[in-house]
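Below is one structure, written out as structure tokens; the observations come after it.
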Amino acid sequence: MVGGDAAGMSAASQARRRRDAADLEIVAFERGHFTSYSACGIPYWVGGLVDDVDQLVSRDPATFREKFDVDVRLRHEVVGIDLDRREVLARDLDNGGREVRESFDQLVYAAGAVPVTPEWARTDAAGVFGVQTLDDGAALIDWLDGDPAPRNAVVVGGGYIGVEMAEAMIQRGLSVTLVERSPEPMSTVDPDMGALVREALCGLGLDVRSGVTVTGLETRDGRVSAVVTEDGTLPADIVVLGLGVRPNTALAAEAGLPIGPSGAIRVDLRMRVVDTPGVWAAGDCVESVHRVSGQPVFVPLGTHANKQGRVAGINIGGGYATFAGVVGTAVTKVCDLEVGRTGLREDEAAAAGFEFVAVRVESTNRAGYYPGAKPMTVKLIVERRSGRLLGAQIVGRSEAAKRIDVLAVALWNRMTVDEMAGLDLGYAPPYAPVWDPVLVAARKAIDAIR
Ligand SMILES: Cc1cc2nc3c(=O)[nH]c(=O)nc-3n(C[C@H](O)[C@H](O)[C@H](O)COP(=O)(O)OP(=O)(O)OC[C@H]3O[C@@H](n4cnc5c(N)ncnc54)[C@H](O)[C@@H]3O)c2cc1C
């Protein structure tokens, strides 16, 4: 295994369930300090909702060694893969980079993704953080707890990691500015829905600068002191980067593994690397098939990494499993604002060649009279001729975002809005208006396509 997190260790544990140690020796190289950890939990750890890093580790190296007979080599970075000699070359980072060679019959490449880091962010100045690994989270928390304690945070990038980190900083009592180059934050939803997110973020006490490009950093005494934008300079004693990720494929490409049009590794349904016998790949480094557009896409999410690793492990263990593809479902929250999305955005539907209509409805998460009823916007993107659902987005509060799952299931099963409008969804005043927002949106889409 190259990589000891979600994809790699899911593969390891599934393979072990089917083949015992006498039959299959498993060695896992992980360059960091942790195995099977939840990077997704970092914003909540930083924000103080999670007390201890151990809570973010679902299985530690000792558990893998003792219960799963996996030879976990922490702080070992794989630096070369020789497919002809069936061998990996790793460096032991805690022992001066000592070289270690290990042979393999089957290789699982699960090296994840790497954060996008523009030139201006490659600095030695203290106080600038990415949030990719638990080690990154620990370094950031040390800085927040340090002396002098930072007061002004600038988060660069308004995607889901950026907004989650902005919330964490607010919870720590910092004054937070979020800078986003696009006109609206949350580019995983259409700009009209992103505008709702921006308006809500401003109401949370966040200073949101959208449509603004960062050009550099200012430093003082080796520490970051400001973020320079095309629109002026923002004081900052901590800068958090949330500029997205790209697949970590450098090592794979060097070894000759095929890279697809999305920039990630090409795999088949069973997570075998295409045209590369005995080599598997899973997680944030591979591309997946989008079930709506039919195209290969790079969607780096933990939910896929776990499933793909599982599929690889079952197959390595002698079973049979396939990964069914993705529809791009994702949810996030910042303070009490929630955002959900599935399927294609308008620009993605157009790029895939669909003729479509888009409708938006305003509703509430509960019956309007029930205490705690909050506004909720649902948007549907629907193929014009067939009425098939192509995409959906939700912005709202109080468990609004998880309603996206109903729409994701409809989309997965290629349902039309006609079929959706009659769905038997649960109703009681504390949970929904009598006409659930999903049903109202489907009815509006039917009108629009007629
Ligand atoms: C802050 C944050 C919040 C997130 N929130 C969500 C969320 O809410 N929902 C969701 O679905 N997803 C979320 N994600 C994404 C999710 O964490 C990733 O999709 C998931 O971790 C991918 O798992 P992976 O095993 O493919 O890769 P990774 O988790 O990146 O693991 C790859 C591992 O490989 C190791 N490695 C890399 N190269 C080498 C090498 N050469 N040698 C040895 N080891 C190597 C790395 O150290 C790393 O531990 C979030 C991510 C972050 C950073």
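Listed values, structure above:
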item	result
Complete set of residues in the stretch 86-110 that are in a strand (DSSP E or B) and either among the hydrophobic types (A, V, I, L, M, F, W, C) or under 30 Å from the mean Cα position of the chain (by Cα) (or both)	88, 89, 90, 91, 92, 100, 107, 108, 109
Filtered residues of the stretch 205-246 (kept if of a type outside the set (Gly, Ala, Ser), part of a loop (DSSP other than H, G, I, E, B) and open to solvent by 50 Å² or more (accessible area, probe 1.4 Å))	221, 230, 231, 243
Test for residue 72: is it crowded, with 19+ Cβ neighbours inside 10 Å, more than 9 Å from the ligand (Cβ to nearest atom) and either assigned to a strand (DSSP E or B) or at pLDDT below 95 (or both)	yes
Only one of 64, 34, 29 that is open to solvent by 20 Å² or more (accessible area, probe 1.4 Å) and either of a type in the set (Phe, Trp, Tyr) or at pLDDT below 95 (or both)	34
Tabulated pairs, the stretch 59-81, first over 22 Å from residue 38 (Cβ atoms), second assigned to a helix (DSSP H, G or I) and open to solvent by 40 Å² or more (accessible area, probe 1.4 Å), C-beta under 9 angstrom, 6+ apart or interchain	71/65; 80/254; 81/254
Single unsatisfied condition, residue 310 versus (1) open to solvent by less than 50 Å² (accessible area, probe 1.4 Å); (2) touching a residue at least 24 places away in the same chain (Cβ under 8 Å); (3) closer than 27 Å to residue 137 by Cα; (4) within 13 Å of the ligand (Cβ to nearest atom)	(1)
Those residues of the stretch 8-61 which are closer than 23 Å to residue 333 by Cα and within 11 Å of the ligand (Cβ to nearest atom), in sequence order	37, 38, 39, 40, 41, 42, 43, 44, 45, 46, 56
Test: residue 16 is modelled with pLDDT of 95 or more, surrounded by fewer than 21 Cβ atoms within 10 Å (Cβ to Cβ) and over 20 Å from the mean Cα position of the chain (by Cα)	no
Subset tally (residues that are within 16 Å of the ligand (Cβ to nearest atom) and either free of Cβ contacts under 8 Å to residues at least 40 places away in the same chain or open to solvent by 10 Å² or more (accessible area, probe 1.4 Å) (or both)) for the stretch 146-166	4
Hey, residue 288 more than 30 Å from residue 415 (Cα to Cα), open to solvent by less than 40 Å² (accessible area, probe 1.4 Å), without any contact (Cβ under 8 Å) to a residue 60 or more places away in the chain and in contact with a Pro (Cβ under 9 Å, 6 or more places away or on another chain) or not	no
Close pairs (7 angstrom Cβ cut-off, 6 or more residues apart or separate chains): free of Cβ contacts under 8 Å to residues at least 40 places away in the same chain in the stretch 32-56, near the ligand (Cβ under 10 Å from one of its atoms) and open to solvent by 40 Å² or more (accessible area, probe 1.4 Å) anywhere	50/44
Within the stretch 424-450, tally of residues that are under 18 Å from residue 402 (Cβ atoms) and not in a helix (DSSP H, G or I)	9
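The values are calculated or read from the model by the stated rules, or taken from the named source; none is laboratory data. Source: prediction; values computed, not measured. Note: ideal-geometry Cβ built from the backbone for every residue, glycine included; neighbour counts use all protein chains shown. In case anyone asks, the SASA skips ligands and DNA or RNA and just uses the protein heavy atoms, side chains included. Shrake-Rupley method; radii C 1.70, N 1.55, O 1.52, S 1.80 Å.
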